Amino acid sequence: MREALVLGGGGVGGIAWMTGVLVGLAEVGRDVTGAGLLVGTSAGSTVAAQVGSGLPLEELYARQVDPSVQAAEIMAEMDLEKFAAQLGAAAETAASVAELRRAVGRVALAARTVSEAERRTVIESRLPDHGWPERALKVVAVDADSGEPRVFDRDSGVPLVDAVAASCAVPGVWPPVTIGARRYVDGGVRSVANADLAAGADRVLVLVPLGVTEPFPSEQPLERSVAELRERGAEVVVVAPDEASAAAIGDNPLDPSTRRPAAGAGRGQGRSLTLPWARD
């Protein structure tokens, strides 16, 4: 029975919430972190890499709530409503999804942000292990110039830190990441969770910190991906924040102060979840 854990985008608040959910599930006997396939998008790439490192869940949780071991995050403002409005305006002038992604890439390349080196230091501090795990891990990013998606894995010849940094490069907020001759932006530009990459799994758990709505128009939206996985016989569960978790993540998921409350709310939500395969 092949299981996949699919982790979507959602900023530092989303990282904390997903970690909390995984801990809560484990506490009630539903540990899913042994999944043979991990798919990570943006914040989810961080959590997927952390899970793949083999560090115990309680230690991963501590890295969200204990200031002495928290990653050295950089405060950033992100107004989700304004961000959505800007995307909507770009979508109106784009003739295709690919053209929209290229337009988003141009915005990202032109934005004034911290340096790539500063941002990479943050990603390094997030990851307990900078090497690719032995099990399958797929990290999604998008080429800023061509708009084409890129799925990094252990066979890509790309350091894990660079792959995760690329997947987490929120357009207009963080710098596009240079890998070889190309520059990459957030994997969420393709899809909120890129759940279609779990094709072939029998059981799929999808965690989406910002909900099921796609932040960008996508040719592979979450709803379609889930339907296709189910058509192939997979059991799929999609989990978005409940009311308490959404309040804890707040309006700015990039605010490091959301980590502790989001982790705690996620832990409580995880304890209450029921998975259809938990019966065996």
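The values are calculated or read from the model by the stated rules, or taken from the named source; none is laboratory data. Keep in mind it's a predicted model, so treat the numbers as computed, not measured. Every residue, glycine among them, receives a Cβ derived from its backbone with ideal geometry; neighbour counts consider all protein chains shown. Each accessible area value is taken on the protein alone, full model and side chains, heavy atoms only, with ligands, DNA and RNA left out. Shrake-Rupley method; radii C 1.70, N 1.55, O 1.52, S 1.80 Å.
Side notes on the structure shown:
- For the range 236-260, a residue qualifies if it is touching a residue at least 40 places away in the same chain (Cβ under 8 Å) and open to solvent by 60 Å² or more (accessible area, probe 1.4 Å), and the qualifying residues are Asp251, Arg260.
- For the range 223-251, filtering for residues that are touching a Ser or Thr at 6+ places or on another chain (Cβ under 7 Å) and among the aliphatic types (A, V, I, L, M) leaves 2.
- Of the residues making up the range 184-233, those that are among the polar types (S, T, N, Q) and either open to solvent by 30 Å² or more (accessible area, probe 1.4 Å) or in a loop (DSSP other than H, G, I, E, B) (or both) are Ser191, Asn194, Thr213, Ser218, Gln220.
- Residue count for the range 107-143, restricted to those that are among the aliphatic types (A, V, I, L, M), open to solvent by 10 Å² or more (accessible area, probe 1.4 Å) and free of Cβ contacts under 8 Å to residues at least 60 places away in the same chain: 2
- Filter result (at pLDDT 95 or above, more than 18 Å from Ala195 (Cα to Cα) and small (Gly, Ala, Ser)) within the range 104-146: Ser115, Ala117, Ser125, Gly131, Ala144, Ser146
- Residue match in the range 45-61 (condition: in a helix (DSSP H, G or I), buried (at least 24 other Cβ atoms within 10 Å of the Cβ), out of contact with any Lys or Arg (no Cβ under 8 Å at 6 or more places or on another chain) and not hydrophobic (A, V, I, L, M, F, W, C)): yes
- Any hit, the range 153-168, residues being farther than 29 Å from Gly200 by Cα and either outside any loop (DSSP other than H, G, I, E, B) or in contact with a Phe, Trp or Tyr (Cβ under 9 Å, 6 or more places away or on another chain) (or both): no
- Filter result (among the hydroxyl-bearing types (Ser, Thr, Tyr) and touching a residue at least 24 places away in the same chain (Cβ under 8 Å)) within the range 30-79: Thr33, Thr41, Ser42, Ser45, Thr46, Ser53, Tyr61
- Scanning the range 144-161 for residues that are crowded, with 22+ Cβ neighbours inside 10 Å and within 18 Å of Thr121 (Cβ to Cβ) returns a single hit, Leu160.
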